[in-house]
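**Student:** Structure in structure tokens, see below.
No value in this document is a laboratory result; all are computed from the given coordinates. Every value quoted in this text rests on a predicted model; they were computed, and no experiment measured them. Every residue, glycine among them, receives a Cβ derived from its backbone with ideal geometry; neighbour counts consider all protein chains shown.
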Amino acid sequence: MTGYPAAIERLLRRVRVELRLRRAERGAWRGAFWGALAAVAALAMKGAIGALAVPLALALLGIGALAGALLGACRRVDTLDAARLADRALRLDDRVATSLEYAGASERSSLVGALLADTTARLEALPPRRMVARVVPREARALALPVLAAVVLAAAPPLPDPQTLIPEWFSAEAKARRDQNLNLAMLQNRGTLGPEALRRDPPANRDAAEGAGRRPPATAAENPALFQDKALIKPSADFSSFVKRSDERLRVLGETDKLPDLRSDFASSKYRALLRKHEELAAGLRARQLSPKKLAELLSEMERLGRKIDEEFGSDAFDGYYDAMERGQTDEALEAMENALSRLREQEGRGRDARRLRGGREPDQAARDDGERLEGAFDESGMEGEGVAPGLGRSTDAKGRPRARLRSTPYTSGVQGAQRGRVPLYETQVPGSTSRADGQLPSVGVFGQYRRLMEDAIAREQVPRDYHEQIRDYFKSLNER
Amino acid sequence: MSAPAQVESFVRAFTGLRAEVEKLIVGQAEIITGVLTGMFAGGHVLLEGVPGLGKTLLVKTLAQSLDLSFARVQFTPDLMPADIIGTNVVVEDAGGGKHFQYQPGPLFAHIVLADEINRATPKTQSALLEGMQEQAVTVGGVSRPLPSPFFVLATQNPIEMQGTYPLPEAQLDRFLFKLQVRYPAIEELNAILDRTTQAHTATVQRVMDGPTVLGFRALIRDVPIASHVRDFATRVVMATHPQWEHAPETTRRYVRYGASPRGAQALVLGAKVRALTQGRYNASLEDIRALAAPALRHRVILNFAGESEGIDPDTLIAQVLDGAPAGTTRTAEPVLS
């Protein structure tokens, strides 16, 4: 600061002090605001913190204000900033800032000397006044909100624990309790039944028995008396009786090893085998961890098994899968696989319904009156292709399967092109009356068919002559792609 | 002479000169101050206004107040460059021999009034503007310096545009200030009538000579200017450029080209003159603000949108100043935060 007139130096010192005070004040407001927010958070957790919540909130508020004030006061004050502030506050027309800059210059012109003298004279003539205006920060204006919230929270009872707000059904304890009850019920069932009763009939016999109207053997917890020992609950506990019955319980539990192999029974069904294979592959694995090759193997296997179950179970069940595989979307491929599996389950259900003489056409009296209809026919509601096959019930596909329909009425189909990545892909969009009936085929597979149809249509003069060349050009452009 | 005495002398001379001009010119104090500021800053001034507002009278009165040579050129479409810069003519000496001799044109005067400059062809305008910029003219391959101080005051009429040749942007840039002469108020008009319709006419005295003007010009260039004031002038000029990253929205929308570096020079020099006229030894931010419009209004080129919407460059410059370009603090808050 050497070279400045004493008046300028005194002025700058005053400005610095004022500026630090104002910054401290401003920082205190801001710190108080953020401290109040922290206090609100502390009071919101009053239930967990306990009686310390209110003192802690007050401490946070005070610490915030104090920290803000300290940070504001400790900030460096630039000399030129102070000079400009003084110029503005004292209406000195940048005399102080200019003097500050030119006072340190090695060569001073006569005008600079005059400037310094003029500035000094003016400063000494000025009465002391406040130079840094008080600026209230936005946080100070908003401070009332967190303070009000803190007061309300301090006066209100503690907020409930968030964990208790979760429904009991989803809590880990409830789940563990449910599992325990389920296991207990299973053990009770086994304990009341003899080894012969516990051995389940093969599925074929069971189906036949059900079909004949016989009631299947009890499988629910019908006789839990063995494990419902109330000897120790009574006021006069009979411990010897409890011990005596315990031997019986241990014997029943020992029979567990002699139980039929439910897993092999489960695996005896080809549907179950398919399901098990799916679960083995999908369990514990994420879709992204399955390689496309592994997924392809799985789907091929499912398709093969599906054909064994149902001759009509074609690859169209896996259209979504192939589409997703082409795009490298393993998530969607797995989802498509799930859909195919759902179809297999539906077929199984229809097959079982047919064997039990339930479902199918019998509940549909109107359908019985109309007689037997084939797939692809029109029913009385006018819906196309909602076919009914003997013993299979009503088809869920409103317009039949897309590929079959494509072969029969190709005019209802359209070609839709799309650019996916670098490779252009053209697909045939087969619209249906419902979204479930939509299907997609690679355009390469249907392009020749469409071109033949086009030539036939032109040859039969079904298209106006003026459009012949245009249509041929269109197909030619498709062929070039 | 000490600096305070020099400044005091300048203030006295400036005030005296203005008082002499105001003997004949009623009102238009801003225009008179602007013309004098331009002259002491060493630049040329373009006066724009409808006919009859006293533009020519102002310049003639100023020339009478100064002990300097004065020439007036009425620009017309058939005016040729040689008519203003001079030409070589054949003269016969005493012995009967003939030789070429340069006859200087009206440009060889200290104060030149280029009346209705936009009526001359671009060729003639260029001849004048070359002299304004280079302080010299070239005739017959010989460069001839113009007298110093050399001060051009040009006038143009903004409404009679038929048959005119508007000055191109590059030539407008040569003028330090462009002052817009506005219609006088009622009181001023009454005073004009009183002064011009009576038998008594005011006489103007010469209060300043050429060397004094040159001395004041040198003094003005010594006026200190703080770096933040200079930076403010730079940022104001840059804010008229639509390509500048901090340019305001109005500039981006309506301006094709912003002010040139000559604009910044005009701002700083004008600010120094203004500071001295107020007896101040330094240029301030307020000086820059006061001179922004006359120094920049003819240097801001509007685009089609600006022209079609009738955007006034003065309004645009005011918005630039209101935007308080970065680096300048108007309130205490930026310093506090």
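**Student:** In nm, give the distance between the simple-model label positions of residue B:221 and residue A:476, each being 7 Å from the Cα along the Cα-to-Cβ direction.
**Tutor:** It is 8.0 nm.
**Student:** While we're on this one: Using 1/(1 + (r/R0)^6) with R0 = 51 angstrom and r between the beta carbons of residue A:106 and residue B:23, what's the FRET efficiency to the nearest 0.05?
**Tutor:** Working: r = 47 Å, r/R0 = 0.92.
Given R0 = 51 Å and the Cβ-Cβ separation, E is 0.60.
**Student:** Still on this structure, I have one more. Can you pull the Rg over Rh of the range B:189-337, Cα-only, Kirkwood?
**Tutor:** A ratio of 1.11.
**Student:** Return A:474, B:281, A:4 ranked ascending by Cβ neighbour count within 10 Å, so the fewest neighbours appear first.
**Tutor:** A:474, A:4, B:281
**Student:** Work from the charge dipole of chain B (Cβ charges, +1 for Lys and Arg, -1 for Asp and Glu, about the Cα centre) and give the residue of B:157, B:36, B:316 farthest towards its positive end.
**Tutor:** B:36
**Student:** Test of understanding: extend the Cα→C-beta vector of residue B:2 to 7 Å, then name every residue of the range A:74-117 with backbone N under 17 Å from that spot.
**Tutor:** A:109-117
**Student:** Quick one: if you stick a label point 7 Å off each Cα along the C-beta vector at residue A:338 and residue A:144, how many nm between them?
**Tutor:** About 5.3 nm, to one decimal.
**Student:** Taking GluC sites (Glu not before Pro) as exposed when DSSP calls them loop (any state but H, G, I, E, B) and at most 15 other Cβ atoms lie within 10 Å, what is the longest stretch of chain B free of them, the sites themselves excluded?
**Tutor:** Here the longest run is B:1-159.
**Student:** Follow-up question, since we're still on this one. For chain B, set up a Gaussian network in which alpha carbons nearer than 10 Å are linked by springs, and say which option among B:139, B:73, B:112 fluctuates the most.
**Tutor:** Looking only at B:139, B:73, B:112, the largest GNM fluctuation is found for B:139.
**Student:** What residue among B:233, B:189, B:211 has its Cα farthest toward the positive end of the dipole of the range B:170-243, where the charges are +1 on Lys, Arg and -1 on Asp, Glu, each on the Cβ?
**Tutor:** Of the listed residues, the answer is B:233.
**Student:** Among DSSP beta bridges lying fully in chain B, give the percent that are antiparallel, nearest 5.
**Tutor:** Within chain B, antiparallel bridges account for around 40 percent of the total.
**Student:** What's the angle, to the nearest 10 degrees (0 to 90), between helix B:122-134's Cα axis and the longest principal axis of chain B?
**Tutor:** On a 0 to 90 degree scale, this one is about 70.
**Student:** What angle, in degrees between 0 and 90 and rounded to the nearest 10, separates the Cα long axis of helix B:285-296 from the longest principal axis of the Cα atoms of chain B?
**Tutor:** On a 0 to 90 degree scale, this one is about 50.
**Student:** Still on this structure, please answer the following. Work out the mean other chain Cβ neighbour count within 10 Å for the residues of A:76-89 and drop it here as an integer.
**Tutor:** 3
**Student:** Could you work out how far the C-alpha centroid of the range A:442-465 sits from that of the range A:1-61, in angstrom?
**Tutor:** About 82 Å separates the Cα centre of the range A:442-465 from the one of the range A:1-61.
**Student:** Among B:246, B:241, B:298, what is the fewest-to-most ranking by other Cβ atoms within 10 Å?
**Tutor:** Starting with the residue having the fewest Cβ neighbours, the order is B:246, B:241, B:298.
**Student:** Under unit Cβ charges (Lys, Arg +1; Asp, Glu -1), what dipole magnitude, rounded to 20 debye, does the range B:1-207 have relative to its Cα centre?
**Tutor:** Dipole of the range B:1-207, to the nearest 20 debye: 200 debye.
**Student:** In addition: Using the 10 angstrom Cβ neighbour count as an exposure proxy, how do B:320, B:26 rank, fewest first?
**Tutor:** In increasing order of surrounding Cβ atoms, one gets B:26, B:320.
**Student:** Name the residue from B:303, B:257, B:278 whose Cα lies farthest towards the positive end of the charge dipole of the range B:223-337, charges +1 on Cβ of Lys and Arg and -1 on Cβ of Asp and Glu.
**Tutor:** Of the candidates, B:278 comes out farthest on the positive side.
**Student:** GluC sites (Glu not before Pro) within the range A:1-34: which are DSSP loop residues with at most 14 other Cβ atoms inside 10 Å? Intermediate results must be reported in sequence, preceding the final value.
**Tutor:** Details: sites: A:9, A:18, A:25; in loops: none.
Listed in order of number, the matching sites amount to none.
**Student:** Something else: How many partner chain Cβ atoms sit within 10 Å of a residue's Cβ in peptide B:212-225, on average, as a whole number?
**Tutor:** Mean number of neighbouring Cβ atoms from other chains: 2.
**Student:** Further, regarding this structure: On alpha carbon coordinates alone, what is the Rg over Rh value for chain B, Rh being the Kirkwood radius? Mind dumping the intermediate values first?
**Tutor:** Details: Rg = 21.5 Å, Rh = 21.5 Å.
Radius of gyration over Kirkwood radius for chain B works out to 1.00.
**Student:** Run the numbers on the range B:223-337 and let me know its relative contact order in percent, using alpha-carbon pairs under 8 Å that are six or more apart.
**Tutor:** Relative CO of the range B:223-337 lands at 32 percent.
**Student:** Between the range B:80-145 and the range B:276-321, how many Å separate their Cα centres?
**Tutor:** 34 Å
**Student:** A follow-up question, please. With everything on Cα atoms, drop me the angle between helix B:29-41 and the longest principal axis of chain B, reported from 0 to 90° to the nearest 10.
**Tutor:** The angle comes out at about 70 degrees.
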